[in-house]
1. Which residues, taken from the range A:63-111, are at positive phi and at pLDDT 95 or above?
2. Name the residue that is modelled with the lowest pLDDT, counting only residues in the range B:398-407 that are more than 20 Å from residue B:343 (Cβ to Cβ) and part of a loop (DSSP other than H, G, I, E, B).
3. Just need a number here: residues in the range A:389-406 that are in contact with a helix residue (DSSP H, G or I) (Cβ under 6 Å, 6 or more places away or on another chain) and either surrounded by fewer than 24 Cβ atoms within 10 Å (Cβ to Cβ) or in a loop (DSSP other than H, G, I, E, B) (or both).
4. So, of the residues in the range B:313-337 that are within 14 Å of another protein chain (Cβ to nearest Cβ) and not in a helix (DSSP H, G or I), which turns out to be nearest to residue B:394 (Cα to Cα)?
5. I'd like the full set of residues that are at pLDDT below 95 and not in a strand (DSSP E or B), limited to the range A:499-524.
6. Restricting to the range A:472-524, name every residue that is under 21 Å from residue A:423 (Cβ atoms), touching a strand residue (DSSP E or B) at 6+ places or on another chain (Cβ under 8 Å), surrounded by fewer than 19 Cβ atoms within 10 Å (Cβ to Cβ) and away from chain B (no Cβ under 13 Å).
7. Among the candidates B:375, B:347, which residue alone is more than 21 Å from residue B:116 (Cα to Cα), away from chain A (no Cβ under 14 Å) and modelled with pLDDT of 90 or more?
8. Restricting attention to the range B:18-52, and to residues there that are assigned to a loop (DSSP other than H, G, I, E, B) and at the interface with chain A (Cβ under 9 Å from one of its Cβ atoms), which single residue is surrounded by the fewest Cβ atoms within 10 Å (Cβ to Cβ)?
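The values are calculated or read from the model by the stated rules, or taken from the named source; none is laboratory data. Since the model is a prediction, treat every value here as computed from it, not as a measurement. We place every Cβ from the backbone using ideal geometry, glycine too, and count neighbours over all the protein chains shown.
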């Protein structure tokens, strides 16, 4: 079968999507809350202690040996995780070892990728890696967009990844978990060690569902490793590396808030909106990320909470020194943390029982008995594009190139008020468009766009519109802001020219396919 | 070798700007090679801008190379014109972007000038959204923030910005270069609705009259009737000494301001946070300005991270008699406006005076009195201004005369 010749159908969002992805059937998106899963969850084979040493010592000399003993072979799926972010050494080491073992056509299933994973491009060129199902950032995204990958890329949210593993949509043959601290039995956590990153929640699904689980550490301690964020009872092998990551790129010493006056203005307007809309009330909850604008938002909100004497019940991280300060000042009872972005966050998680580590299972999994995301009173998120129907894109830029992963973004859209604080244009590129290049989040879930030129509220949210109607916030229509931006940038941008081949599929939180990304035509 | 000119910036760190090289050839028409970060979206638009620009500048044959990092159309136009004129300084024609309707509003002699935001003339990225931050004025700077080698190129950026950017009602100021060189900046900016020309390092009333004459000549030639005001900046011992002569050298002068970095160097000392070394100079500027009937405006506060220090500095400026302060970062604007907001007691007193003035007017009395006290005209004028400022600052309702904002 020629590359990418799979049949395309129009899904409920009007997007053309494949019905088959890498040889497996795929369900087109049906609408928010419209797809009902059937059947049972996946389960790994039953293991027995007969096969494991009574002394609990599962160490092997190196990753290569671990892979070999785990039975690595052509065509397998190998997973890694992104809690070491752009400082990760483990994923590249795994595929280097696989290459040395002469294995081909592997599927890499990362929870996210970073620019540090650019060497995987060589492994795709030499046939060790067949394709990636996970976020494709920076150089990997460009490689995929140019049609370099043999299989089709699949992008999932953090919750969607847990769902895919749990439902058996993706079967992980070998999971390799980078552990800042571990014991020989395989218990592991991220709180201490030279590569301390806080928590290991992204690896939870893999530790539960993969056939074989390898823990890789540079800080092997005597049993027991407490707390066991990853349980050794799920682990097959433990091995060591001199360093599993570059600490300076894992967490930052201090998190930088934005210096851009426009972004600070956007952050301040967002905080004002949250207050004026009546969201900032005793016992409320919110989630912000580690992006500069998002951090500045948290700081402005914190000042307003202090002024008004308002306390949150919980905030969701990405934690930083700022959320940590809120917790320690008593402005929130809890931090429910998905990942820690700076050293203060790691310290707080280590020391403060109210700084709680979470996983995509607790926070985001759509095929479970509820999750935290929908309980949040508000969430602030980014986007590369938003269209006049409030549909948003986070994976491609307007030039059609894949550049980012979905992260927890799709899952967070279910909060009671989803706010996108975004500049109305970047350099010359408008962020507000007629139709998003790639659909990642349906407009019905996106409530407010805060730009430096004004705030647009989704007309579906009449409650929010009337809540802020008496305020002095600059409320405008999204069309009005978009038209203003077009006069600045010199008109509506032309569309990139795409080829026929689908290079990546975008999954919705329930595993259905919400959109696809086409190969870019080479520049003329 | 063909004459070649280059303008603009390129490199990994450059954004919202472009680099253009123009080689003037004798035949073969125009050829354009474009490398752009926004090629997919605006490649065709960029080529069109360049073709239109060359035609406007009367260039029929050229080889143009562009390295673009998402420059806005007015910047591409400015870079192209600079490159062409560097290749051939004889080119007289201009490539003017269409003047937008939002670039035509005017100003008044006595408007509030609490904050004025400096924008480096060669950095378009900072200009585009500057008005959104709500400064009373923006200053497009051709002087110290522009590298000597880029002075010519900055003129086109500033001129095009004056024609295309919506400064959201802020007063549009341009700081030209020191006289005499600054006189040559004027033809590039005066025809494009600058409200105020800032004359830097001014230490001679002749500097002001020279600008006055050149401005009037350009306005007459272009048949433009809206005035262009002047704001001298004194930055030396001599300038301060002659402050009153400078402030009264032309009836176009609306404000007088001071630059302390150069001033402290000139008197042989260093600038401190306490500012004792510049007390005389600042007070001199306030008095000279008041004597001349123009606004005294204070210098900038240069530590953009120290908001508490800024507030102290604003309150001190206000106490000395200044009406405004310069800023170099948009986040300083709000602090400055807050600092210049009249205090409650001030407003209360001003309100009573204004009410008394209104009464005197309706009753046709020549004298305003409050209780048994006569109120002199300058005090009335001051009170009217305080009340207007309070309304503008949002601490007094516009309808306060009808009882809005009464404490009862």
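1. Passing the criteria: A:71, A:75, A:102, A:105.
2. The selected residue is B:403.
3. Residues in the range A:389-406 being in contact with a helix residue (DSSP H, G or I) (Cβ under 6 Å, 6 or more places away or on another chain) and either surrounded by fewer than 24 Cβ atoms within 10 Å (Cβ to Cβ) or in a loop (DSSP other than H, G, I, E, B) (or both): 8 in total.
4. B:330
5. A:521, A:522, A:523, A:524
6. A:473, A:475, A:477, A:480
7. Answer to the check: B:347.
8. Filtering first and then ranking leaves B:37.
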